[in-house]
Structure formats: structure tokens, C-alpha cells
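The values are calculated or read from the model by the stated rules, or taken from the named source; none is laboratory data. Quick caveat, the model's predicted, so the values are computed rather than measured. For neighbour counting, all protein chains shown are included, and Cβ atoms are generated from backbone atoms with ideal geometry for every residue, glycine included. In case anyone asks, the SASA skips ligands and DNA or RNA and just uses the protein heavy atoms, side chains included. Shrake-Rupley method; radii C 1.70, N 1.55, O 1.52, S 1.80 Å.
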Amino acid sequence: MAAAAACCALAGTSVPAAAQTGSLSARDVLTQASFGSATKQAAMQGVLTAQRLAAAALARSPTDHEALLMQATAKGYEAKLSGSRADAIAARKLFEALASRSPRDAEPQLGLGAWHMGAVFKLGSLMGRAALGAQKAVGLAALDRAVALGGDRASCAGVAALLRLEQDPSDQRGRALAEMAARASTPTAFDRAMRRASAAVLASLNGGDAAATKKLAARLLPFGQLGD
């Protein structure tokens, strides 16, 4: 449920020294794990490494925003890979705290929105809300805030589009967001990945195969290559 919950955390343009060890940052490790892992075991190893990097940064500076964001991201990814209800709820609370602390920051909003959407997608509306407190309406509102705050960046619009379209290929807002992302700026590797993903999902939409579009949108999100 949290595979997408941390997409926002991969889209930043800079990583403070406190959140990295040598040249390898928690953000770097999570990016590699979420898109480059061939197995769940390898993915989990990367996630746990990122957790250690974030924890070390927070030990040095407990209010380090980057490290807090990576902590939430890694916890969400751990929940996705392990299926742990406790980890999923912990990740949601971390994103909620970050969104409250920095309401004008797009990344926590995107993470929070993706958490809700991912949980609903995996468990359904009723079970997602009962088991985890996930609500699609809350997720959509947070995604819209992220897009509004994210500026002309492919990452926020692209992630929001994929999350919508994996649930409903007929979602016109999802199509519009994919079109926006396919034209948006790409200052980072993750922005470039989301622009390519948006172009691919638009081609699928134009082909008229709803089932294929749903599968493609899910596969293009973090850890999508691993399946369920």
C-alpha cells in the first residue's frame, strides 16, 4: 500500500549533508531500491539501508527535514514490502506530521496522498479505512495540494496521474495530470522518469485498453516492477 507513498520523497533537487553518508544519500538508496530492485529481498535491503541513513542523520539533527522525509518514505516502503499494518500506520503518522509542520511543501502532501491511494488500491475502500484509516477522498485532496505546490515539475503531476489511473483509467483528472506531466520540466532524474511514465500511460489511454492502462500505471510506480 505504500509503494507510492514516498514518490514525493524521491523528487527533491538537493540532499543536505546530514541525510547522507559519503556520496550515497537515503534518497539515492530509496530511488535505486524502488525502481532498480529485481526482488523484494533486494528492495527491502535497500529500504533498511535508507532507514539507517535517515536515523543517523536524525541522531545528529532531530529536526532535519530531509531525514524526516526519508524516514517516512522508508517506513512506508517497508510496510509495502512486508505487509505490516503497524508499519503502514506509522508511515501515515509520519507523513501527517510532516505535512502539518510544512504545509507549503509539496513532498509531504504527495507522500500522504499516495499513502491513502495506495492503501485503498490494495485493500479497497472499506477494508482500507477499517484496517488503516485510509480514505480515497483524503488522498485525492492531498495529491491536488501537492500538484498545486509542486510548480512546473513532472514528478508531482506524474505520480498523481499514475495513482489515479491505476484505480480508474477513465479518470479525466488523471488523464489531464498525465498530459501536464508529459510537458512539465524535469530538473531531476525522478522528474524525467515520471515524464516518460506519463507519456507511456497516455499512449496506453489513447489505445483504448483500460485493463492495460491500469496495469501499466501500477507498474510505472515505485516497486511496480516487483508486482504483488
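Is it the case that the range 182-200 has a residue that's in contact with a Phe, Trp or Tyr (Cβ under 7 Å, 6 or more places away or on another chain), in a helix (DSSP H, G or I) and open to solvent by 30 Å² or more (accessible area, probe 1.4 Å)?
The answer is no, given that none of the residues of the range 182-200 is in contact with a Phe, Trp or Tyr (Cβ under 7 Å, 6 or more places away or on another chain), in a helix (DSSP H, G or I) and open to solvent by 30 Å² or more (accessible area, probe 1.4 Å).
Condition (residue is among the basic types (K, R) and surrounded by fewer than 19 Cβ atoms within 10 Å (Cβ to Cβ)) applied to the range 157-170: is it met by at least one residue?
Looking through the range 157-170, none of the residues is among the basic types (K, R) and surrounded by fewer than 19 Cβ atoms within 10 Å (Cβ to Cβ).
Within the range 52-90, how many residues turn out to be within 22 Å of A134 (Cβ to Cβ), open to solvent by 40 Å² or more (accessible area, probe 1.4 Å) and not hydrophobic (A, V, I, L, M, F, W, C)?
So the count comes out to 6.
Inside the range 91-109, can you point out the residues that are open to solvent by less than 50 Å² (accessible area, probe 1.4 Å) and assigned to a loop (DSSP other than H, G, I, E, B)?
S102, D105
List, please: which pairs have Cβ atoms under 6 Å, are six or more places apart or on different chains, and start with a residue in the range 151-178 that is in a helix (DSSP H, G or I) and end with one that is of a type in the set (F, W, Y)?
S155/F190; Q167/F121
Go through the range 135-152 and give me each residue that's at negative phi, more than 15 Å from the chain's Cα centre (by Cα) and at pLDDT below 95.
Answer for the range 135-152, where residues must be at negative phi, more than 15 Å from the chain's Cα centre (by Cα) and at pLDDT below 95: just D152.
Applying the selection to the range 179-210, what residues are modelled with pLDDT under 95 and in contact with a Pro (Cβ under 8 Å, 6 or more places away or on another chain)?
Within the range 179-210, A210 is the sole residue that qualifies.
Tell me yes or no: at least one residue of the range 15-24 is at pLDDT 60 or above and in contact with a helix residue (DSSP H, G or I) (Cβ under 7 Å, 6 or more places away or on another chain).
No: zero hits.
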